[in-house]
Amino acid sequence: MRFLEEHGYVIQRTGVISCPVGREITDKEWDCICFLCDEWDYGYNG
């Protein structure tokens with residue numbers, strides 16, 4: 001979570017992860033998003 005937040009992502013209390021507008025997602029960011037969604041029931045709102 002900290003890595004994503006440091007790169008401009010917003011993680012809401014509801015567990016929804018929002019990507020910064022107008023930029024491409026890196027492979028490492030996508031890996032973090034997938035981990036949070038798969039292992040911790042977070043959701044992604046690209």
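The values are calculated or read from the model by the stated rules, or taken from the named source; none is laboratory data. The shown structure was predicted, so the numbers you read here are calculated from the model rather than taken from an experiment. Backbone-built Cβ (ideal geometry, glycine too); neighbour counts: all protein chains shown. All accessible areas refer to the heavy atoms of the entire protein, side chains included, with ligands and DNA or RNA removed. Shrake-Rupley method; radii C 1.70, N 1.55, O 1.52, S 1.80 Å.
Restricting attention to the chain, the residues that are assigned to a loop (DSSP other than H, G, I, E, B) and of a type in the set (A, V, I, L, M, F, W, C) total 4. When residue 43 is tested against (1) loosely packed, with under 10 Cβ neighbours inside 10 Å; (2) in contact with a Gly (Cβ under 9 Å, 6 or more places away or on another chain), only condition (1) is not met.
Looking only at region 17-33, residues that are under 8 Å from the mean Cα position of the chain (by Cα) and open to solvent by less than 50 Å² (accessible area, probe 1.4 Å) come to 6 in all. Filtered by the rule that a residue be more than 9 Å from the chain's Cα centre (by Cα) and either surrounded by 16 or more Cβ atoms within 10 Å (Cβ to Cβ) or among the charged types (D, E, K, R) (or both), region 1-16 gives 2, 6, 13.
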